[in-house]
Amino acid sequence: MNIFNLLFTAFIFSFILFHSNALNVTHDSRSIIIDGNHRIILSGSIHYPRSTAQMWPDLIRKAKEGGLDAVETYVFWNAHEPARRQYDFSGNLDLIRFLKTIQDQGLYAILRIGPYTCAEWNYGGFPVWLHNMPGVSLRTKNDVFMNEMKNFTTLIVDMVENEYGNVMEPYGDEGKSYINWCAQMADSLDIGVPWIMCQQAAPPKPMLETCNGWYCDEYKPKDPNTPKLWTENWTGWFKSWGGADPFRTAEDLAYSVARFFQKGGTLQNYYMYHGGTNFGRTSGGPYITTTYDYNAPLDEYGNLNQPKWGHLKQLHDVLHSIEYILTNGEVKNEKLSNLVMATIYQTKEKSSCFLSNTNTKIDANVNFGGINYFVPAWSISILPDCREEAYNTAKVSSQTSLMVKKLNKAEDEPNSLKWMWRPELIESTSVQGRGDVSVNKIVDQKDMANDASDYLWYMTSIDVAKDDPMLNGTVTLRVNDTGHVLHAFFNGEYIGSQWSKYGNNNVTYVFERNIEPSPGKNLISLLSVTVGLKNYGPMFDLVGAGITSPIELVLNKNDVKDLSSNKWIYKVGLNGISNKFFDTDCASKSSSKWVSDPISIDRNFTWYKTTFKAPLGNKPVVVDLLGLGKGMAWVNGHSLGRYWPSYIADKQLCKTETCDYRGRYSDSKCVSKCGEPTQRWYHVPRSFLKDGENTLVLFEEFGGNPSGIQFQTVEIGSVCINTHEGKEVELSCQDRPISKIKFASFGSPQGVCGSFDKSESDSEVDALSILEKECLGKESCSFKITEDKFGRPSCEVKKLAVEAVCEDFTF
């Protein structure tokens, strides 16, 4: 069948090549063989639901220009089948449109179809209705689960399971049987391409195993006939509420890729190449932020993340130039010193070489083939002809782009937005205790809410006699919670909130507040709020959400009343969300209920609404929500996702030492922005906006002040070069001219982009004047760094540092 020319299918992983003719895809231990051609494959992950259909052509074009052969994506089951047998492939869920967009660029595509995806996606991609089916047990040999899985797999054509090997052991023999069934089921679909299982050691035939991680150079498939496949090279890391900004250097990421191919790699996929945004309620975790930028080569908004994008592009070009030798040549290694190893790939016609220095501190000067080479610590040099160095992972010659956020320049846009507000009506629940379902027990939030909302009310009443001891002493309400956030009311009065702190993987806590019961009926109303359902780990689907037993009234340590078996009334969601206050049509029909003056601030459970004009131009748009607490935001009815700018990143996460690319990366290395809001800016895709008036609606859960909210554009402020003599470099403001050369010096200038300084050994030639003549007024300028051009400095290692400012257009 192979109507989209699949190379592989993902368990697992699938390659889809978009050309008009179907592919003949096989493999050997060294290469992917496509129509008889031995290939290495460079790929990058772009999850289509984390962007918009209007963004796809630009993202995929930039992936191709960046030197990729393929685009990898997930198929999220819960996004496409939110209710059983009700499917959604519209808008940014239009899988076929996404695949055709890849086809238009002539790229391969890697289709990973779960059914489990992880990906920091809500509930790992599983629909919660699946969890709630009678008799079901997920990710093991269970007829109910396997029938549903097979149905969705057949619908998408080629479905597979992902990363099960990491967590299979707790499932025992039933887990092994399930994996064997998956393999047989997938193979029976007869799609004509190989299937793989990610992180599944020795998978059942004919599945191929793969590696995931920051480094996979030491990975060896159990089957010697399986090519070395790396399905997830983590380009950075995801971000959690309360966490710092992750950062993986371009030097280290390039090192991991070069090292992988030095040691016989066949396919490498960047996870992520573009991370994107967790719109709506799609983020998992729990506590995964709305931004899924991932410090990827393309940032959340689709901009080039420089120098990472450019440095990798240069690496890809070099690897492609030696592809035939890598897939057909004989391989030998030669130790050059205690630090440096040479790997030679040789055919009858030609040879190509890698020189690797794996030491984390010491640079190396070595002689190879009669030629001297300088190989910095933790770096790899590639010599396509085994003589001239074409690339070194630590020598970055691509520009660094400093991105800035600029205020909305729409015509007649006021300095501040005009707001209206209305309260969330909670009296029916907090005061009257009215709900939809009553049960004499505490029910898990997943089971009751079925993932229809973040919000679930738990309500019960207690009758207090006139002579009850509770009327004479201190009474404490004690609630055990796994629901991430809890808001509590007693007899209609708000008594407090609590939420789990960053780094608490169990997301559990005990809420305690003193209450004052009255004679007669007393109402306890608890609003439980989830912030993404757990998406990873063995039996993750069974991890509780919401309030758990016991819920207690405590008079003293010897007098504790357990309310867990009381009659509990449940109500899913909030009034404003159920009545679509965020929908522009619905909002206009009830406009009389919105109040414009005065604006209520710092009030929890409050809705805000304003109108604005879209920023001029075509640059990505963000909204700055600093001043708000926690809630959700919509533009013209489109959900931007959860916001929580009041959650400050833990100051202790950031270290004082300078970020050093040398040495193995981890998600705690080189983090930044501790002590700042975890996420302040939220992506507003241009496709959400319209000409004329646009509407922003906020539901503020904690209480905040919307008066400082601003719409801004994200664009390049300045660009920098800081690289060695002999390099051909380019400064580019993309579609805007260079307006100023802020700094330029050749020798051993100090500092980083944005804060360069000259050194005493720098050349006396005025590099700034030279570049002003060559670059001012141009969108880009290219030149070679030589002594003839920039003079002779008095230092041994010669580098040019330049910072150029991009013109700020006024529309």
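If R₀ is 41 angstrom, what is the calculated FRET efficiency for the pair Asn579 and Glu676, using the beta carbon separation as r and rounding to 0.05? Each step should come with its number before you reach the end.
Values: r = 35 Å, r/R0 = 0.86.
Rounded to the nearest 0.05, the efficiency is 0.70.
As a test, work out the antiparallel percent of DSSP beta bridges whose residues both lie in the chain, rounded to the nearest 5. Please list the in-between numbers first.
On the way: 149 of 179 bridges.
Roughly 85 percent of the beta bridges in the chain run antiparallel, per DSSP.
With a 1.4 Å probe and all protein chains left in place, how much of the accessible area of the chain comes from carbon and sulfur atoms, in whole percent? Could you put the intermediate results ahead of the total?
Numbers: 14900 of 32080 Å².
So the carbon and sulfur contribution to the accessible surface is 46 percent.
Could you tell me the relative contact order of region 725-806? Use alpha-carbon pairs under 8 Å, at least six residues apart, and round to a whole percent. Present the calculation step by step, with values, prior to reporting the outcome.
On the way: 168 pairs, mean separation 41.7, N = 82.
Relative contact order, region 725-806: 51 percent.
Calculate one ³J(HN,Hα) per residue across region 225-231 by plugging θ = phi - 60° into the Karplus curve 6.51 cos²θ - 1.76 cosθ + 1.60, and present them in order as whole Hz with x for glycine and proline.
8, 8, x, 7, 10, 10, 7
Taking amide H positions as placed 1.01 Å from N in the peptide plane, with prolines and chain starts having none, which residues 5 or more places from Gln399, or on another chain, fall under 5 Å of its amide H?
Here Glu730 satisfy the definition.
Between Asp104 and Asp35, what's the calculated FRET efficiency when r is the beta-carbon distance and R0 is 22 Å? Round to 0.05. Working shown, then result.
Values: r = 20 Å, r/R0 = 0.92.
Here the calculated transfer efficiency is 0.60.
In nanometres, what is the gap between the two model label sites at Arg97 and Thr658, each 7 Å from Cα along Cα-to-Cβ?
4.8 nm
Antiparallel as a % of all DSSP beta bridges within region 197-313, to the nearest 5? Walk me through the numbers on the way to the answer.
Numbers: 3 of 13 bridges.
In region 197-313, approximately 25 percent of DSSP beta bridges are antiparallel ones.
Between Leu155 and Ser794, what length in nm is gained on full extension when 0.36 nm per residue of separation is reduced by their alpha carbon distance?
Values: separation 639, 0.36 × 639 = 230.04 nm, distance 6.80 nm.
Fully extending the segment from Leu155 to Ser794 adds 223.2 nm.
Check the straight Cα-Cα distances from Lys222 and name the lysines below 25 Å, setting aside those fewer than 8 residues away within the same chain.
Correct list for Lys222: Lys141, Lys176, Lys205, Lys263, Lys332.
Subtracting the Cα-Cα distance from 0.36 nm times the residue separation, let me have the gained length for Leu407 to Lys64 in nm, one decimal.
On the way: separation 343, 0.36 × 343 = 123.48 nm, distance 3.17 nm.
Full-extension gain reported as 120.3 nm.
Kindly provide the GluC sites (Glu not before Pro) of region 636-710 that DSSP labels as loop, not H, G, I, E or B, and whose Cβ sees at most 13 other Cβ atoms within 10 Å.
Working: sites: Glu657, Glu693, Glu700, Glu701; in loops: Glu657, Glu701.
Of the GluC sites (Glu not before Pro), the ones in loops of region 636-710 whose Cβ has at most 13 other Cβ atoms within 10 Å are Glu657.
Points 7 angstrom from Cα along the Cβ direction at Gln750 and Asp223: gap in nanometres?
Taking the two extended label points, one gets 5.8 nm.
Which three extents, in angstrom, do the Cα atoms of region 328-392 have along their principal axes, listed largest first?
The principal-axis extents, from largest down, are 37, 19, 18 Å.
What is the extension gain from Glu388 to Tyr87, computed as 0.36 nm multiplied by their sequence separation minus the C-alpha to C-alpha distance, in nm to one decimal?
On the way: separation 301, 0.36 × 301 = 108.36 nm, distance 5.55 nm.
Full extension from Glu388 to Tyr87 adds 102.8 nm.
Hey, what do the phi angles of region 52-67 turn into as Karplus ³J(HN,Hα) couplings, whole Hz, using 6.51/-1.76/1.60 and θ = phi - 60°, x for Gly and Pro?
The phi angles translate into 10, 4, 5, 7, 4, x, 5, 4, 6, 4, 5, 5, 5, 5, x, x Hz.
Mind pulling the angle between the C-alpha long axis of helix 308-321 and the longest principal axis of the chain? Nearest 10 degrees, somewhere in 0 to 90.
Compared with the principal axis, the helix lies near 50 degrees.
Going by alpha carbons, how many degrees (0 to 90, nearest 10) lie between the helix axis of 250-262 and the longest principal axis of the chain?
The two axes meet at around 70 degrees.
Going through the cross-link list Lys62/Lys395; Lys313/Lys350; Lys501/Lys534, which pairs have a Cα-Cα distance over 21 Å in this structure?
On the way: Lys62/Lys395 23 Å; Lys313/Lys350 24 Å; Lys501/Lys534 15 Å.
Long pairs (Cα-Cα over 21 Å): Lys62/Lys395; Lys313/Lys350.
With every protein chain kept in place and ligands, DNA and RNA left out, what is the accessible area per residue of the chain? Probe 1.4 Å, answer in Å².
On the way: 32080 Å² over 811 residues.
Averaged over the residues of the chain, the accessible area is 40 Å².
Roughly speaking, what is the centre-to-centre gap between region 363-381 and region 615-636 when only Cα atoms are used, to the nearest Å?
Rounded to whole Å, the Cα centres lie 49 Å apart.
For region 551-705, what is the convex hull volume of the alpha-carbon atoms per residue, in Å³? Walk me through the numbers on the way to the answer.
On the way: hull volume 38.6 nm³, N = 155.
Cα convex hull per residue, to the nearest whole number: 249 Å³.
With both bridge residues required to lie in region 22-305, what share of the DSSP beta bridges run antiparallel, to the nearest 5%?
Numbers: 11 of 35 bridges.
About 30 percent, rounded to the nearest 5.
Mind listing the Cα extents of region 198-297 along all three principal axes, in Å, largest one first?
43, 33, 18
What ranking, highest mean first, results for peptides 785-793, 290-298, 486-494 when packing means the other Cβ atoms within 10 Å averaged over each residue? Present the calculation step by step, with values, prior to reporting the outcome.
Numbers: 785-793: 16.7, 290-298: 26.4, 486-494: 19.1.
Final packing ranking: 290-298, 486-494, 785-793.
Principal axes first, then extents: for the Cα atoms of region 22-305, list largest minus smallest coordinate on each axis, whole Å, largest first.
Dimensions of region 22-305 along the principal axes of its Cα atoms: 50, 43, 38 Å.
Using alpha-carbon pairs under 8 Å, 6+ residues apart, how would you state the relative contact order of the chain in percent?
Working: 2063 pairs, mean separation 98.3, N = 811.
Relative contact order for the chain comes out at 12 percent.
Tell me, what is the FRET efficiency for Leu425 and Glu493 to the nearest 0.05, using R0 = 22 angstrom and their Cβ-Cβ distance as r? Don't skip to the end; give the middle numbers.
Details: r = 16 Å, r/R0 = 0.73.
Efficiency computed from Cβ-Cβ geometry: 0.85.
Compute the acute angle (0 to 90°) between the alpha-carbon long axis of helix 143-156 and the principal axis of greatest extent of the alpha-carbon atoms of the chain; round to the nearest 10°.
Between helix and principal axis, roughly 50 degrees.
In nanometres, what is the gap between the two model label sites at Ala202 and Val437, each 7 Å from Cα along Cα-to-Cβ?
If labels sit at Ala202 and Val437, their model points lie 4.4 nm apart.
For region 315-361 and region 216-275, write down the distance between their C-alpha centroids in whole Å.
19 Å
Using θ = phi - 60° and the Karplus curve 6.51 cos²θ - 1.76 cosθ + 1.60, what whole-Hz ³J(HN,Hα) does each residue of region 334-349 get, with Gly and Pro shown as x?
For region 334-349, the Karplus curve yields 9, 7, 9, 6, 5, 9, 10, 10, 9, 10, 10, 9, 9, 10, 5, 8 Hz.
The values are calculated or read from the model by the stated rules, or taken from the named source; none is laboratory data. This one's a predicted model, so the numbers in the text were calculated from it and none came from an experiment. Quick reminder, even Gly has a Cβ in these numbers, built from the backbone with ideal geometry, and neighbours come from all protein chains shown. With ligands, DNA and RNA removed, areas are computed over all heavy atoms of the protein, side chains included. Shrake-Rupley method; radii C 1.70, N 1.55, O 1.52, S 1.80 Å.
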